[in-house]
Amino acid sequence: MIGTGVFTSLGFQLLDIQSTPVLMMLWVVGGFSALCGALSYAELGAALPRSGGEYHFLTEIYHPCAGFISGWVSATVGFAAPTALAALTFGSYLNSSGLRVDPIWLATAAIITLTAAHCTTRARSGTTQTGFTALKILLILGFSVAALTLGHGVSQVEIAWTDDATVALGSGAFAVSLIYVNYAYSGWNAATYISGELSSPQRSLPWVLGISTTLVAALYCLLNFVFLSVAPIEAMAGKVEVGVIAAEYAFGSTTGALMGALLALLLISTISAMILAGPRVLHRIGQDYPRFAWLARENKDAIPVVAIIVQSGTALLFLWSASFEQILIFSGATMALNTFATVLGLFILRWREPNLPRPFRVTLYPFTPLVFLGITSWTLIYIVMQRPIEALITGGIVLSGGLLYFISKPSMTA
């Protein structure tokens, strides 16, 4: 989860919102929405414990066509696009920290290297992800404590809550900024893509989703508070590398460049997580649709190597063909639509199969899933209103998935 969004989106948010309390509320609301979504997915994952995430859920709840479209969306946008964004941000941070290498080349090298690591053995793949995740959390905490206690940068941002801040909570600017925040939280559902590989998904999945989402929300709020505390708004507004800017104001240019390089290392974990989880969707499509059976090919350690290579190749295509902002907006909208349909399916599944064993039931049902649906629909409406081109791209991806399903359908077994 922790990756591109939290290290880039504050600069975009500051163009329209310059109230620290409102900015912090963005991350609180986004975290609460993600937690509601995670708890909803936990019930679905415990009731339907098989790898594949939304592809599996929508196939079982709606129709195989809905599942196929979701798998197509996840494979082409939900994981490949964020992989490209995380890799590009990684390259940009390293470049801004003094390593004079084109960010695109650095991003390409990161994707290829991690793809190779995840195509070997399951143990090495899991160790790679666990190690980078632990490093990520330690670096965020270390940077935050050092910046607040040892840093010499002081922001003049007003932290008092005002009437204007209250009005801003319901504004269009808040909704648009929430698009970036929701993208930063994307990935809270990734565990459901490999639930079939967990030893006891019904028992562990709710804890994995709930605890990890809560932890990430706390880290996001802390990190953005640090950014706003050590660097002035005008220095970060409209900038992508807000982490490097905050580090330079807190520690000086030399130490700031070093911290920027360390923050760049955090993004390796995000790239790794996307390469680990996403190909399981392509793998499921290969298992279920004979025409795409080649996607289900595995190595001797049951790693879906072909699916991993295909997704990483798609990420490289995005990396070399589209701008950062274009990828972020249309991929964020597409993923939001995908998760919206899945959480809505929770109501359908409860109505249609009330006696289905549910080892975990979402807390405070139906309030919890309704909160997620309400916030997500709010952001989708503003994307359509203010980003029509990106909304059309999202629609085109969904329609292309439906067309591909009907082309593939005749070859399916009975």
Original post:
Does PHE372 count as within 22 Å of SER33 (Cα to Cα), among the hydrophobic types (A, V, I, L, M, F, W, C) and without any contact (Cβ under 8 Å) to a residue 24 or more places away in the chain?
Top reply: no
Original post:
Can you name the residue in the stretch 341-362 that is in contact with a helix residue (DSSP H, G or I) (Cβ under 6 Å, 6 or more places away or on another chain) and surrounded by fewer than 13 Cβ atoms within 10 Å (Cβ to Cβ) and, of all such residues, is nearest to LEU35 (Cα to Cα)?
Top reply: ILE348
Original post:
Hey, among the residues in the stretch 218-247 that are in contact (Cβ under 8 Å) with a residue 40 or more places away in the chain and of a type in the set (D, E, K, R), which one's farthest from TYR93 (Cα to Cα)?
Top reply: LYS239
**OP:** May I ask you to list the residues in the stretch 84-118 that are over 13 Å from LEU319 (Cβ atoms), surrounded by 24 or more Cβ atoms within 10 Å (Cβ to Cβ) and modelled with pLDDT of 85 or more?
**Re:** LEU114
Original post:
Any chance the stretch 259-282 includes a residue that's of a type outside the set (Lys, Arg), surrounded by fewer than 21 Cβ atoms within 10 Å (Cβ to Cβ) and touching a Lys or Arg at 6+ places or on another chain (Cβ under 7 Å)?
Top reply: no
Original post:
Can GLN326 be described as modelled with pLDDT under 85, among the polar types (S, T, N, Q), closer than 25 Å to LEU392 by Cα and under 22 Å from the mean Cα position of the chain (by Cα)?
Top reply: yes
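Given the residues ALA307, ALA315, which is the only one that is surrounded by 20 or more Cβ atoms within 10 Å (Cβ to Cβ), farther than 19 Å from GLY5 by Cβ and modelled with pLDDT of 80 or more?
Details: ALA315 fails: farther than 19 Å from GLY5 by Cβ.
Residue meeting the stated conditions: ALA307.
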Subject >> Residue that is modelled with pLDDT of 80 or more, of a type in the set (Phe, Trp, Tyr), closer than 30 Å to SER92 by Cβ and surrounded by 13 or more Cβ atoms within 10 Å (Cβ to Cβ), where the choices are TYR382, TYR365 >> reply: TYR382
**OP:** Select from the stretch 192-215 the residues that are among the aliphatic types (A, V, I, L, M) and surrounded by 22 or more Cβ atoms within 10 Å (Cβ to Cβ) and write down the one among them that is modelled with the highest pLDDT.
**Re:** LEU209
**OP:** Name every residue in the stretch 294-304 that is assigned to a helix (DSSP H, G or I) and surrounded by fewer than 18 Cβ atoms within 10 Å (Cβ to Cβ), in order of residue number.
**Re:** TRP294
Original post:
Of all residues in the stretch 52-74 being over 13 Å from GLY402 (Cα atoms) and not in a helix (DSSP H, G or I), which is nearest to the chain's Cα centre (by Cα)?
Top reply: GLY53
**OP:** Just one of (1) surrounded by 15 or more Cβ atoms within 10 Å (Cβ to Cβ); (2) under 21 Å from GLY71 (Cβ atoms) trips up ALA391, so point out which.
**Re:** (2)
**OP:** Hey, can you tell me all the residues within the stretch 365-405 that are closer than 19 Å to ASP16 by Cβ and among the polar types (S, T, N, Q)?
**Re:** THR379, GLN386
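This table checks each residue for (1) modelled with pLDDT of 80 or more; (2) in contact with a helix residue (DSSP H, G or I) (Cβ under 9 Å, 6 or more places away or on another chain); (3) buried (at least 24 other Cβ atoms within 10 Å of the Cβ).
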{"residue": "GLY3", "(1), (2), (3)": "no, yes, yes"}
{"residue": "MET24", "(1), (2), (3)": "yes, yes, no"}
{"residue": "LEU44", "(1), (2), (3)": "yes, yes, yes"}
{"residue": "PHE57", "(1), (2), (3)": "yes, yes, yes"}
{"residue": "CYS65", "(1), (2), (3)": "yes, yes, no"}
{"residue": "PRO82", "(1), (2), (3)": "yes, yes, yes"}
Subject >> Of all residues making up the stretch 75-99, the number that are of a type in the set (A, V, I, L, M) and not in a helix (DSSP H, G or I) >> reply: 1
Subject >> Residues located in the stretch 360-380, provided they are within 20 Å of the chain's Cα centre (by Cα) and among the hydrophobic types (A, V, I, L, M, F, W, C) >> reply: VAL371, PHE372, LEU373, ILE375, TRP378, LEU380
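Determine if the stretch 215-230 includes at least one residue that is over 17 Å from ALA184 (Cβ atoms) and of a type in the set (A, V, I, L, M).
Yes, the conditions are met somewhere in the stretch 215-230.
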Subject >> Meets criteria (of a type outside the set (A, V, I, L, M) and either over 18 Å from LEU178 (Cβ atoms) or not in a helix (DSSP H, G or I) (or both)) for PHE12 >> reply: no
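The values are calculated or read from the model by the stated rules, or taken from the named source; none is laboratory data. Owing to the predicted nature of the structure, the values given are computational and were not obtained by experimental measurement. For neighbour counting, all protein chains shown are included, and Cβ atoms are generated from backbone atoms with ideal geometry for every residue, glycine included.
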